[in-house]
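The values are calculated or read from the model by the stated rules, or taken from the named source; none is laboratory data. This one's a predicted model, so the numbers in the text were calculated from it and none came from an experiment. Here Cβ is always computed from backbone atoms with ideal geometry, including for glycine, and neighbour counts include all displayed protein chains. Accessible surface is based on the protein model in full, side chains and every heavy atom, while ligands, DNA and RNA are left aside. Shrake-Rupley method; radii C 1.70, N 1.55, O 1.52, S 1.80 Å.
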Amino acid sequence: MPQTEQRQIHGLPVRIVNTRPDIQSEQVAQRLSAALDLVATYAPRCYRRLRTDLAGFVVERFACRGAFFPMSRECLVELTFTVNPQVSLPEIAASIVHEATHARVANWCASPPQHRGREERLCRRAELDFGLALPDGAIVVQRAQASLALTEHEVAPPID
């Protein structure tokens with residue numbers, strides 16, 4: 001049975017749906033807060049917009065490290081990704097920056113499916129800028145650059 005916990009982190013509602021008895025929700029909250037600290041410090045414009053672009057965060061098991069849900073305006077940060085000691089705080093923060101960019105685009109307009117590649121590149125450029133601003137952002141920069149080198153179809157493959 002999943003354990004669901006509601007919190008406020010950085011003034012935003014966070015719902016932690018913890019289906020893993022080996023994961024402490026407190027550790028999830030601490031790592032999410034530390035990642036948001038990085039966003040506040042190194043991507044202050046993005047951080048300021050979080051309150052208007054997002055309704056909150058949800059942390060739960062999912063098939064990818066992060067997602068933006070336009071209907072609820074929530075940013076998902078994957079549960080095991082958040083607490084994995086091999087995943088750095090800059091990587092978690094970069095995922096938040098990426099999904100917050102999707103949220104920003106959703107606030108501007110409804111992006112048609114044929115522009116998914118363009119939107120994804122915009123999100124990867126936001127990650128790249130964030131990684132370049134970080135003192136220890138090499139892994140973020142490397143991942144963003146690799147994604148930006150992909151074709152339109154590869155950067156945003158169709159989702160079934």
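Contact map, segment 1-22: residues that are open to solvent by less than 50 Å² (accessible area, probe 1.4 Å) paired with residues that are of a type in the set (Phe, Trp, Tyr), Cβ distance under 6 Å, separation 6+ or inter-chain. Pairs shown: Val14/Phe57. The set of residues in segment 69-87 that are in contact with a strand residue (DSSP E or B) (Cβ under 7 Å, 6 or more places away or on another chain), of a type in the set (A, V, I, L, M, F, W, C) and open to solvent by 20 Å² or more (accessible area, probe 1.4 Å) contains only Phe69.
Ala103 satisfies every condition listed in (1) at pLDDT 95 or above; (2) in contact with a strand residue (DSSP E or B) (Cβ under 8 Å, 6 or more places away or on another chain) except (1). When you scan segment 88-109, how many residues do you find that are open to solvent by 20 Å² or more (accessible area, probe 1.4 Å) and either closer than 14 Å to Arg15 by Cα or without any contact (Cβ under 8 Å) to a residue 24 or more places away in the chain (or both)? Final tally of qualifying residues: 2. The C-beta contact set for segment 45-68 (first residue open to solvent by less than 10 Å² (accessible area, probe 1.4 Å), second residue modelled with pLDDT under 95 and among the aliphatic types (A, V, I, L, M), distance under 9 angstrom, 6+ apart or interchain) comprises Leu50/Ala103; Asp53/Ala103; Asp53/Ala106; Leu54/Ala103.
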